[in-house]
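Novice: Sharing a structure here in structure tokens format.
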Amino acid sequence: MTTDDYATYIDGLPKVLAGAACLFRDAEGRLLLVEPNYRDDWTLPGGTIESADGETPRQAARRESAEEIGLDLEPGRLLAVDWARGTARPPIVAYVYDGGVLDERQLKAVRIQEDELLSWKLVDRADLDSHLPDGLGLRVRAALEVLDSGAGAAELEDGLPVGSNR
């Protein structure tokens with residue numbers, strides 16, 4: 001296979017997006033959510049993996065959290081990986097890492113990235129459905145189940161555990 005043939009082959013492969021986020025909590029178990037200025041619902045601190053720079057999912061989760069909320073913290077363990085199909089975009093592989101429990105000092109240090117975010121807040125688990133879109137809500141709940149149970153990372157498709165009845 002020539003270099004040109006290989007380049008053509010690579011160009012013809014399906015495209016997949018990749019993103020990473022951190023799930024931060026406070027001592028009461030509330031989740032830190034951010035409100036983007038470019039859509040109507042809330043989300044976790046995180047964003048797109050910059051693969052052209054060779055960034056890994058873990059590095060992206062740390063960078064995006066530092067950019068979005070001003071906290072440069074090493075992510076904890078991987079909680080969930082979700083293959084999320086899109087209708088107006090290619091599929092996305094979304095990684096969710098444990099951001100840990102933030103203490104009062106860290107919470108007071110949160111500073112949002114004003115060019116992308118309107119605000120942040122702590123949300124009780126019971127109120128997640130009113131803040132997160134369906135797919136992300138399922139992904140976050142699966143990550144919380146992993147935290148609660150101590151199980152290994154959840155493998156998800158469209159927010160649901162692989163092999164579950166849809």
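The values are calculated or read from the model by the stated rules, or taken from the named source; none is laboratory data. On a predicted model such as this, the values are computed, not experimentally measured, just so you know. Backbone-built Cβ (ideal geometry, glycine too); neighbour counts: all protein chains shown. Accessible surface areas use protein heavy atoms only, side chains included; no ligands, DNA or RNA. Shrake-Rupley method; radii C 1.70, N 1.55, O 1.52, S 1.80 Å.
Novice: For the stretch 125-135, enumerate the residues that are within 18 Å of the chain's Cα centre (by Cα), of a type in the set (D, E, K, R) and modelled with pLDDT of 95 or more.
Specialist: Across the stretch 125-135, the qualifying residue is only Arg125.
Novice: For Ser164, indicate whether it is free of Cβ contacts under 8 Å to residues at least 12 places away in the same chain, farther than 24 Å from Glu28 by Cβ and not hydrophobic (A, V, I, L, M, F, W, C).
Specialist: yes
Novice: Moving on to the next point. What are the pairs with Cβ atoms under 7 angstrom where one residue, in the stretch 119-137, is more than 19 Å from Tyr95 (Cα to Cα) and the other, located anywhere, is modelled with pLDDT under 95? Sequence gap at least six, or different chains.
Specialist: These pairs meet every condition: His131/Asp41.
Novice: Report, by residue number, each residue of the stretch 96-110 that is within 30 Å of Asp158 (Cβ to Cβ) and surrounded by fewer than 16 Cβ atoms within 10 Å (Cβ to Cβ).
Specialist: Val101
Novice: Under 7 Å by Cβ, and 6 or more places apart or on different chains, what pairs join a residue from the stretch 62-78 that is more than 16 Å from Asp98 (Cβ to Cβ) with one that is open to solvent by less than 20 Å² (accessible area, probe 1.4 Å)?
Specialist: Hits for this filter: Glu68/Val34; Glu68/Pro45; Glu68/Leu117; Gly70/Val110.
Novice: Separate question: Across the stretch 136-166, which residue is modelled with the lowest pLDDT among those that are part of a loop (DSSP other than H, G, I, E, B) and among the charged types (D, E, K, R)?
Specialist: So, considering only residues that are part of a loop (DSSP other than H, G, I, E, B) and among the charged types (D, E, K, R), the one modelled with the lowest pLDDT is Arg166.
Novice: Pro91 fails exactly one of the following numbered conditions: (1) at pLDDT below 95; (2) open to solvent by 40 Å² or more (accessible area, probe 1.4 Å). What is the number of that condition?
Specialist: Against the list (1) at pLDDT below 95; (2) open to solvent by 40 Å² or more (accessible area, probe 1.4 Å), Pro91 comes up short only on (2).
Novice: Let me ask another. Can you list residue pairs whose Cβ atoms sit under 9 Å apart, with the first residue in the stretch 1-22 being at pLDDT below 85 and the second being surrounded by 10 or more Cβ atoms within 10 Å (Cβ to Cβ) and not in a strand (DSSP E or B)? Count only pairs 6 or more apart in sequence or on different chains.
Specialist: Met1/Tyr9; Pro14/Pro90; Pro14/Pro91
Novice: What residue, among those in the stretch 42-61 that are touching a helix residue (DSSP H, G or I) at 6+ places or on another chain (Cβ under 8 Å) and of a type in the set (D, E, K, R), is most open to solvent (accessible area, probe 1.4 Å)?
Specialist: Among them, the one singled out is Glu50.
Novice: Additional query: Residue check: is Thr87 outside any loop (DSSP other than H, G, I, E, B) and β-branched (Val, Ile, Thr)?
Specialist: no
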